[in-house]
1. Would you pick out the residues in the stretch 101-117 that are under 17 Å from residue 15 (Cβ atoms) and surrounded by 12 or more Cβ atoms within 10 Å (Cβ to Cβ)?
2. Within the stretch 1-97, considering only helices (runs of 4 or more DSSP H) that don't extend past its boundaries, which have at least 1 residues that are under 19 Å from residue 133 (Cβ atoms) and either outside the structural domain of residue 137 (by TED's automatic domain parsing) or in contact with a strand residue (DSSP E or B) (Cβ under 6 Å, 6 or more places away or on another chain) (or both)?
3. Name the residue, out of 9, 97, 80, that is surrounded by fewer than 11 Cβ atoms within 10 Å (Cβ to Cβ), free of Cβ contacts under 8 Å to residues at least 24 places away in the same chain and of a type outside the set (D, E, K, R).
4. Anything in the stretch 102-123 that is out of contact with any helix residue (DSSP H, G or I) (no Cβ under 8 Å at 6 or more places or on another chain) and small (Gly, Ala, Ser)? List them, or say none.
5. Please identify the pairs in which a residue from the stretch 125-146 that is in contact (Cβ under 8 Å) with a residue 24 or more places away in the chain has its Cβ atom under 7 Å from the Cβ atom of a residue that is outside any loop (DSSP other than H, G, I, E, B) and loosely packed, with under 12 Cβ neighbours inside 10 Å, counting only partners at least 6 apart or on another chain.
6. From 4, 14, 18, which residue is surrounded by fewer than 10 Cβ atoms within 10 Å (Cβ to Cβ), farther than 21 Å from residue 100 by Cα and out of contact with any Gly (no Cβ under 9 Å at 6 or more places or on another chain)?
Amino acid sequence: MNTAEQQLADAFRAVNVAMRRMRGRETHRHAGLSYAQYGVLFALDQGCALSARSLGEAASLSPASVTQMLDSLEAGGLVARTRSLEDKRVVLTELTAQGKAAIEEMRERMEPGWRAALSDFSDEQLRGAAAVLERLAEYFNRIDEPASDAVRVG
């Protein structure tokens, strides 16, 4: 691994550690919601109702965790669940107005810091960083595939 690759690997690990710590700071939760619950809400903010399986994939959570979270979020009035018209076995979840308001409040709270953290970088640098992260996501998604496929990225 060359120096630049090592710096990227170190920075990537640092981001992962920081995100785990952020998720673990339950005492700092805003509005009584965990970061994992916000992950589910943000996944639903794409505008369409999703199944628990799709939500789990989008928020990197197990289906059992998602189901438990949805029970809590539904009881709090943040999401609504209905049976799919196409497949009655599937339950779809969507945001309520209260859920949309919670997401907007979180965005208003987090976005200034996000913008400040990235303000010294040009759009070109940010697009380059996004490309690197997308490639890493592809790589990590392929790790469980057979070895001959896992090493080939792109």
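1. First, the residues of the stretch 101-117 that are under 17 Å from residue 15 (Cβ atoms): 110, 113-114, 116-117.
The answer is 110, and nothing else.
2. Values: elements: 3-24, 35-44, 52-59, 63-75.
By residue number, 3-24, 35-44, 52-59.
3. Checking each option against the conditions leaves just 97.
4. Applying the first criterion (out of contact with any helix residue (DSSP H, G or I) (no Cβ under 8 Å at 6 or more places or on another chain)) to the stretch 102-123 yields 104-105, 107-117, 119-120, 122-123.
The answer is 113, 116, 117, 119, 122.
5. Pairs found: none.
6. Working: 14 fails: surrounded by fewer than 10 Cβ atoms within 10 Å (Cβ to Cβ); 18 fails: surrounded by fewer than 10 Cβ atoms within 10 Å (Cβ to Cβ).
Among 4, 14, 18, only 4 is surrounded by fewer than 10 Cβ atoms within 10 Å (Cβ to Cβ), farther than 21 Å from residue 100 by Cα and out of contact with any Gly (no Cβ under 9 Å at 6 or more places or on another chain).
The values are calculated or read from the model by the stated rules, or taken from the named source; none is laboratory data. Note that the coordinates shown come from a computational prediction; the quantities given were computed from them, not determined experimentally. Reconstructed Cβ throughout: ideal geometry from the backbone, glycine too, with neighbour counts over all protein chains shown.
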